[in-house]
Amino acid sequence: MLGTPGRAKVKFDAETIHTAVAQGVPRQHRGEIWKFLAEQYRLTQTVPSRPPSNHTPYKELLKQLTSQQHAILIDLGRTFPTHPYFQAQLGAGQLSLYNILKAYSLLDPEVGYCQGLSFIAGVLLLHMGEEDAFDMLKFLMYDAGLRKQYRPDMIILQIQMYQLSRLLHDYHRDLYSHLEQQEIGPSLYATPWFLTVFASHFPLGFVARVFDMVFLQGSEVIFKVALSLLGSHKPLILQHDSLESIVDFIKTMLPNLGLVQMEKTINQVCEMDVSKQLQAYEVEYHVLQDELLDTPPTLNQHQRAAQLERTNQSLRQQNLDLLEELQPCRSSEGKSTHLLRSYSKLRQKTLTLKRKTSAVETICHP
């Protein structure tokens, strides 16, 4: 298939491609295969993705200046710091990484540079040349659906955390209940999974396999990998009974995957289909958000007070999660500003809801 003349316009059998990728992608051909999968993905999409409005060629973008330069430079040394290709300060690897991130920040000013992008660009650079890696970054962001989670308001990331929580409830009810008892939401451990496609915490061999699937199926793969990882480690997670130990296990022990565990996870991802659930839970999230501002009149005062208190708890957790996210983002002024705005909005919602709760409680218990 790779050697087919004019292959970019040839639509191959999807099942054949899926089977081949599931069996394993040869490392020496991975970059070329990712480009091939991107071509096939675009051919099979019934609704084309919105392409970048900026059509400036890569080499021309490199000649321009970016306001994100400082944030990008700071993060270069934090991206795969132990990998030989990226170790040398402003060596070949770091310079290529800087070029790609700079060019993307100019191509897409709404997103600019966001922490997490450096890991995605870094993975691409390990498998292909600089300009091809830039093209594949554009594909992942605009076609495969990653871009939405980096937008300034970060609302999509909040929706993704809600969707993952609901999927966990569907597939692993006992684990979901155990995490809920400790008030552990996905944002406490899964945010870097989504923002770096697992690249910041997991072995690169596993990350490459996840990228294989993302190029094949799009961004919903991240949900499936997260579900598979949590499910396969469920017995060990259930042994922990405190917030600190559970989160520490998920963040530090869970990524230590063996080859067998890696392939088991990928096989599960190949067989899983959560697209309809993801769509339903996104709608559900928006409905719930609307209900925060407009509680149905059919609820009695006691029920309304209980509902508002639950909402308060949820918003307080979101506040804490956003504050935690702010800590590693201190070096990225743009991202910090957006997070601070989100935090301020959530804090205002919480205060409003507290006032509503107090009013309702006064009615219920004069």
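The numbers here are math on the coordinates, done by the rules we state, and not lab data. Source: prediction; values computed, not measured. Because the Cβ atoms are built from the backbone with ideal geometry, glycine has one as well, and the counts that use them run over all protein chains shown.
What to note about this one:
- Using θ = phi - 60° in the Karplus curve 6.51 cos²θ - 1.76 cosθ + 1.60, the 3J(HN,Hα) couplings for the stretch 178-192 round to 5, 5, 4, 4, 8, 6, 9, x, x, 5, 6, 9, 9, 4, x Hz; x is entered for Gly and Pro.
- Efficiency of FRET between MET1 and GLN87 - r from beta-carbon atoms, R0 41 angstrom, step 0.05: 0.70
- Non-local Lys pairs in the stretch 7-146, i.e. 8 or more apart or on different chains, that have alpha carbons under 20 Å apart: 10
- Shown for ASP290, ASP108: other C-beta atoms within 10 Å of each C-beta, ranked fewest to most, produce the order ASP290, ASP108.
- Using a simple spin-label model with pseudo-atoms 7 Å out from Cα toward Cβ, LYS9 and ASP135 lie 1.6 nm apart.
- Positive contributions from Lys and Arg (+1) and negative ones from Asp and Glu (-1), summed over other residues with Cβ under 15 Å from the Cβ of LYS59, come out at -2.
- Cβ-derived FRET efficiency at R0 41 Å, GLU32 paired with GLN279, nearest 0.05: 0.80
- Of every Cα-Cα pair in the stretch 216-255, the percent that sits beyond 15 Å: 45 percent
- Sites listed here are trypsin sites (Lys or Arg not before Pro) in the stretch 24-69 whose DSSP assignment is loop and whose Cβ has at most 13 other Cβ atoms within 10 Å: LYS63.
- Going by neighbour counts of Cβ atoms within 10 Å, the residues VAL25, VAL10, VAL260, VAL274 line up, fewest first, as VAL260, VAL10, VAL274, VAL25.
- Legend: ranking of residues GLU180, GLU130 from fewest to most surrounding C-beta atoms inside 10 Å; resulting order GLU180, GLU130.
- Within the shell of other residues whose beta carbon sits under 11 angstrom from the beta carbon of ASP174, the net charge comes to +1, with Lys and Arg scored +1 and Asp and Glu -1.
- Radius 13 Å from Cβ of VAL221, net charge of other residues (Lys, Arg +1; Asp, Glu -1): -2
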